[in-house]
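Scroll down for the structure; my scribbles are underneath it.
The values are calculated or read from the model by the stated rules, or taken from the named source; none is laboratory data. Computed from a prediction, not measured in an experiment: that's the story for all the values here. A quick note on method: Cβ atoms are made from the backbone with ideal geometry, for glycine too, and the neighbour counts reach across all protein chains shown. Protein only, heavy atoms only, side chains kept; ligands, DNA and RNA dropped before computing areas. Shrake-Rupley method; radii C 1.70, N 1.55, O 1.52, S 1.80 Å.
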Amino acid sequence: MNPGVAQPESSAAALVQVRGLHTRIGAKTIFDGLDLDVPRGSVTAIMGPSGTGKTTLLRHLTGQLRPDTGSVRVDGEEVTKLSRRDLFALRERIGFLFQNSALLTDFSVFENIAFPLRQHAKLPEELLRDIVLTKLQAVGLRGAAQLMPSELSGGMARRVALARAIVFDPMLILYDEPFVGLDPIALNQVLRLIRTLNHTLGITSILVAHELAAIQKVADRVYLIANGKLVAQGAPDELARQDSPWTRQFFGGEADGPVPFHYPAPDYATELGFREAHR
Amino acid sequence: MNANLRRNWLLQGVVSLGECGLFFVAVAGAVPKSLRYWRELCRQVWFVGAMSLVIVMTCGLFVGMVLALQLFNTLSIFGATSELGTAVALSLFRELGPVVTALLVAGRAGTAVTAEIGLMRATDQLDAMSMMAVDPLAYVAAPRFLAGIIAMPLLACVFNAMGIFGGHLVGVTWLGLDNGTFWGNMTSTVMLQRDILDGVYKSIVFGGVVSLIAVFQGYTAPPTSEGVAYSTTRTVVFSSIVILAFDFVMTAFMT
């Protein structure tokens, strides 16, 4: 299989379908014709070198950022063409876990999770309280309901953010680097939650992460993105065994390869003055 | 090189002005939707208004006192010290009340609003709201913008009242001016429409301008500690310049 021309497995059951995505930010090309599908009910990991546009891809899926060209369909709706009102309606069905949790610092843990409910659903206070406590129980933090975000550790904040992301029982959750900065215990707790949510509620999950061991435990499918394109895809184990320059470097953790160790620079000897610049 | 720098600087200024104008249109458009977040509006009025009371009252008192002291010395040259109350009140109602209050609010509340929104942006809280289908323009920007418009004239009135009290303290209690003359001349000369309401109109405009600049600077602050610090400084600098410039233009139209 030639990894340079990796194509997504087309699936009628795909919840997310990206076709011919082209994005430039400033002078930098982020996506240069990206195609991928995310099947319903799966946990899909998006991997790739830093700065390759993984977070940008999540922002395209939620309509926070519009691509230059290309199609992004989520649950059959073309995100790039949705009006603001329709986009907000779609977002009510999508949970998003931010890398730094993004809890509202003025509100307690309870109020953070109640926030989306208070904004969109006119629920009696008792019912609202029950829903919030149920979600907190699911992430193991019912006892922390009255704490403020500043009193939480990184792992706890991530779990509160996860409880907030699932408060509307979304069809899709997007995790932006959910394991960064977590100790092994907190990492395993978050990992277990992602798997449980996927298995018990059937929520489709898209995961942007670098932690290979964690991804091998949780993901059904991995997409490797580099240079604005899909360069490899498959089940985590399958991909780790694949013999292509990209997978060898990425899964083998090699410092140099298709992703060069050196940032593009003029000739070293010329810059140090040992050699005349070519005129 | 210099010409390039100058042109870039000028260009950046024009671009920022345009962005601020578009931001104003967006915030104004979000105002009707923001009224459903009336609790947040009340919280912001409390923050901008009630929390600024101490500094506004203290400054108002001292401004009134020093005004009375200076004017008493000047008026005594012309034997017109009986007009002290009028002079203090007119200076406060027409100019010092609205302008000094706006400068104080820009320094106290404006900077806090910029830093708060800037940090919300840096910690993805605004994006998180947007992802929860809550428009941050309606929930964060518009209530803070409206709070400035509501609180500023009220604070200016408090400033004026404290200033007149300070003027009375110096003129009557300390320097021995007749109490009846102080109040009588003031009340017979100061006009509601021409003097008091014109000052209130100025305050409303200053409130809108200061809070717009504060919210805009916070919203567009680069998501770094340095970026938020620069934006906070810019809020004070731009607010001060715009307040004084608008004061001149409005005074020219009102007189």
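Highest mean first, what order results for A:93-103, B:208-218 on Cβ atoms within 10 Å?
So the order, starting with the most tightly packed, is B:208-218, A:93-103.
Determine the principal axes of the Cα atoms in region B:124-246, then give the extent along each, sorted from largest to smallest and rounded to whole angstroms.
In descending order, the Cα extents are 65, 28, 24 Å.
Between B:GLN70 and B:ALA229, what length in nm is gained on full extension when 0.36 nm per residue of separation is reduced by their alpha carbon distance?
Result: 53.4 nm gained on full extension.
With a 1.4 Å probe and all protein chains kept in place, how do B:GLU226, A:GLU78 rank by accessible area, largest first?
The ordering from most to least exposed comes out as B:GLU226, A:GLU78.
Can you give the FRET efficiency to the nearest 0.05 for A:LEU133 and A:LEU65, using r as the Cβ-Cβ distance and R₀ = 35 Å?
After rounding, the FRET efficiency stands at 0.50.
Only four residue types carry charge here, +1 at the Cβ of Lys and Arg and -1 at the Cβ of Asp and Glu. Report the dipole size of chain B about the Cα centre in Debye, rounded to the nearest 20.
Dipole magnitude for chain B comes out near 320 debye.
Relative contact order, percent, of region B:176-245 when contacts are C-alpha pairs under 8 Å separated by at least 6 residues?
About 28 percent, as a whole number.
For a quick check, take a GNM of chain B with Cα springs below 10 Å and name the residue from B:LEU84, B:LEU119, B:LEU192 with the largest mean-square fluctuation.
B:LEU192
Which of the lysines could a cross-linker bridge to A:LYS28, judged by Cα under 27 Å and excluding same-chain residues fewer than eight apart?
Qualifying lysines at Cα under 27 Å: A:LYS54, A:LYS81, A:LYS229.
Nearest 0.05, what FRET efficiency do A:ARG241 and A:SER153 give at R0 = 45 Å with Cβ-Cβ as r?
That gives a FRET efficiency of 0.75.
In debye, nearest 20: dipole of region A:21-146 around its Cα centre with unit charges on the Cβ of K, R (+) and D, E (-)?
160
Quick check on packing: order B:245-255, A:112-122 by the mean number of other C-beta atoms within 10 Å, highest mean leading.
So the peptides B:245-255, A:112-122, ranked by packing, come out A:112-122, B:245-255.
Count the net charge of all other residues whose Cβ sits under 14 Å from the Cβ of B:ALA112, scoring Lys and Arg as +1 and Asp and Glu as -1.
With Lys, Arg at +1 and Asp, Glu at -1, the net is +1.
Can you give the convex hull volume of the alpha carbon atoms of region A:28-117 per residue, in Å³?
146
Put +1 on the Cβ of each Lys and Arg and -1 on the Cβ of each Asp and Glu in chain B; which of B:LEU104, B:ILE241, B:LEU175 then has its Cα farthest toward the positive end of the dipole?
Of the options given, the answer is B:ILE241.
So, with +1 on the Cβ of K and R and -1 on the Cβ of D and E, and no other charges, what is the size of the charge dipole of region B:66-214 about its Cα centre, to the nearest 20 debye?
80
Through the Karplus equation 6.51 cos²θ - 1.76 cosθ + 1.60, θ set to phi - 60°, convert the phi angles of region B:111-121 into ³J(HN,Hα) values in whole Hz; use x for Gly and Pro.
3J(HN,Hα) across region B:111-121, in whole Hz: 5, 5, 5, 4, 5, 5, 5, x, 6, 4, 5.
Provide the solvent-accessible area of B:HIS168, counting protein heavy atoms only and rolling a 1.4 Å probe, rounded to the nearest 10 Å².
The accessible area of B:HIS168 comes to roughly 40 Å².
Once the dipole of the protein assembly as shown is set up with Lys and Arg at +1 and Asp and Glu at -1 on Cβ about the Cα centre, which of A:PRO178, A:ALA138, A:ALA14 lies farthest towards its positive end?
Going by the Cα projections, it comes out as A:ALA14.
For region B:1-111, what's the relative contact order in percent, using C-alpha pairs closer than 8 Å and at least 6 residues apart?
26 percent.
Could you give the length gained by full extension between B:LEU119 and B:MET254, i.e. 0.36 nm per residue of separation minus their alpha carbon distance, to one decimal place?
Length difference between fully extended and current span is 44.6 nm.
At q = 0.09, 0.10, 0.11, 0.12 Å⁻¹, what log₁₀ I(q)/I(0) does a Debye calculation on the Cα points of the protein assembly as shown give, no solvent, two decimals?
At q = 0.09, 0.10, 0.11, 0.12 Å⁻¹ the computed log10 ratios are -0.79, -0.91, -1.02, -1.13.
With a Förster radius of 22 Å, plug the Cβ-Cβ distance of A:ARG24 and A:GLU78 into 1/(1 + (r/R0)^6) and report the FRET value to the nearest 0.05.
0.60
Starting from 0 in steps of 10 Å, tell me what percent of the Cα-Cα pairs of region A:3-272 lands in each bin.
Binned Cα distances yield the sequence 7, 28, 33, 22, 8, 2, 0, 0.
Roughly how much accessible area, to the nearest 100 Å², goes out of reach of solvent when A and B pair up, both sides summed, probe 1.4 Å?
Approximately 1800 Å² gets buried when A meets B.
Would you tell me the mean number of C-beta atoms belonging to other protein chains that fall within 10 Å of each C-beta in B:121-128, as a whole number?
Mean partner shielding for this stretch: 6.
How big is the antiparallel share of DSSP beta bridges in region A:3-272, given as a percent to the nearest 5?
Taking every DSSP beta bridge within region A:3-272, about 55 percent pair in antiparallel fashion.
Which of rounded, prolate, oblate describes region B:1-109, given a ≥ b ≥ c as roots of the alpha-carbon gyration tensor eigenvalues and a/c under 1.5 marking rounded, otherwise prolate only if a/b is larger than b/c?
Judged from the Cα gyration tensor, region B:1-109 comes out oblate (a/c at least 1.5, b/c at or above a/b).
Suppose a student asked you for the relative contact order of region B:2-254, using Cα pairs under 8 Å spaced at least 6 residues apart; what percent would you report?
Rounded, it is 33 percent for region B:2-254.
Counting only helical runs of four or more DSSP H residues, what would the 222 nm mean residue ellipticity of the protein assembly as shown come to if each run contributes -39,500 (n - 2.57) and the total is spread over all its residues?
Only helices count here, giving -17500 deg cm²/dmol.
Say we join alpha carbon atoms closer than 10 Å with springs in a Gaussian network model of chain B; which of B:ARG234, B:ARG36, B:ARG121 then has the biggest fluctuation?
Evaluated over chain B, the most mobile residue of the options is B:ARG36.
Where the accessible area of the protein assembly as shown is counted over protein heavy atoms with a 1.4 Å probe, how much of it, in %, is carbon and sulfur?
62
Using a basic spin-label model with each label point 7 Å from the Cα along Cα→Cβ, how many nm lie between A:ALA89 and A:ALA269?
Here the modelled spin labels are 6.6 nm apart.
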